[in-house]
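Trainee: Handing you this structure, nothing more for now.
A short reminder: the numbers here are calculations on the coordinates, not readings from a lab. Just so we're clear, the structure is a prediction, and the values are computed from it rather than from any experiment. Counting neighbours? That spans all protein chains shown, and the Cβs are built from the backbone with ideal geometry, glycine included.
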């Protein structure tokens, strides 16, 4: 099992460009999450999907959109990238109960110039 | 105020030392707490989780919650160089501390 995979691993964008970060899990998990990690700020939840067909905002959703394409895949889109969105982005998945373990992907390092 | 506050360190200890990592939290509603370990340029991985009070032990790791002072701790006994990583505490699945960077020197 690959667990949680993310593509791309690295990306450099110019201000105003758009891109989609891809995430897939092969653990048959119901819930999926997108976080960003910044120095001094820790991990912050952007959006999550408790189950296929649902999405909800997290702590820092502005400037992002998400799509739960199917049970396996959860994508994060930046429509018009800004330098403030320079960060490391992590996707995670879990079975779906309140107290369950989240499994994280390896991350995408995004720089917006 | 952040949901979970954590001293970022960095913390540097000699091999074999006992390490204490700490977080404080502000919300008193039902909760459970988790400790994640994150190696450089990797995603976090769950180490342990525990409910609102008491201790939980797993090998060299002990997680402790002091509900009265809203303090959570992770103790690492006989620390090893392979324990060098960033340790993140989390509350109720979504609320993470900023992480404490630990280096264990051989």
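Trainee: If you take each beta carbon of peptide A:28-40 and count the beta carbons of other chains within 10 angstrom, what is the mean?
Mentor: 2
Trainee: Taking every pair of alpha-carbon atoms in the protein assembly as shown, what share in percent sits in each 5 Å bin, from 0 to the bin with the longest distance?
Mentor: 1, 7, 15, 18, 18, 16, 12, 8, 3, 1, 0
Trainee: Please report the spacing between the Cα centers of the range A:1-66 and the range B:1-19 in Å, no decimals.
Mentor: Taking the Cα centre of the range B:1-19 as reference, the centre of the range A:1-66 is 27 Å away.
Trainee: On to the next question. Mind giving me the nanometre distance, one decimal, between the label points for residue A:79 and residue B:82, set 7 Å out from Cα along Cα→Cβ?
Mentor: The answer from the label model is 4.8 nm.
Trainee: Quantify how strongly other chains surround peptide B:33-41 by giving the mean number of their Cβ atoms within 10 Å of each of its Cβ atoms.
Mentor: 2
Trainee: For chain A, with a Gaussian network of springs between Cα atoms less than 10 Å apart, report the residue from A:33, A:64, A:89 with the top mean-square fluctuation.
Mentor: Most flexible of the set in this elastic network: A:64.
Trainee: With 10 angstrom as the radius, rank A:36, B:91 by how many other C-beta atoms surround their C-beta, starting from the fewest.
Mentor: B:91, A:36
Trainee: How shielded is B:42-50 by partner chains, expressed as the average number of their Cβ atoms within 10 Å of its Cβ atoms?
Mentor: Average neighbour count from other chains, rounded to a whole number: 5.
Trainee: Calculate, for residue A:50 and residue B:51, the FRET efficiency according to 1/(1 + (r/R0)^6) with r their C-beta to C-beta distance and R0 22 Å; round to the nearest 0.05.
Mentor: 0.50
Trainee: Also, quick follow-up: P(r) for chain B: what percent of alpha-carbon pairs falls in each 5 Å bin, starting at zero?
Mentor: Taking every Cα pair in chain B, the percentages come to 3, 14, 25, 26, 19, 9, 4, 1, 0.
Trainee: Hey, any idea what the orientation-averaged projected area of the convex hull of the range A:58-113's Cα atoms comes to, in nm²?
Mentor: If I average the Cα hull's projected area over directions, I get 4.6 nm².
Trainee: Between B:58, B:83, B:66, which gets the highest mean-square fluctuation from a Gaussian network model of chain B, Cα cutoff 10 Å?
Mentor: In this elastic network of chain B, the residue with the biggest mean-square fluctuation among B:58, B:83, B:66 is B:58.
Trainee: Take residue B:3, project a point 7 Å from its Cα along the Cβ direction, then tell me which residues of the range A:77-113 have their backbone nitrogen under 20 Å from it.
Mentor: A:88-105
Trainee: Project the alpha carbons of chain A onto their principal axes and report the range along each, largest first, in whole Å.
Mentor: Principal extents (Cα only, largest first): 38, 24, 24 Å.
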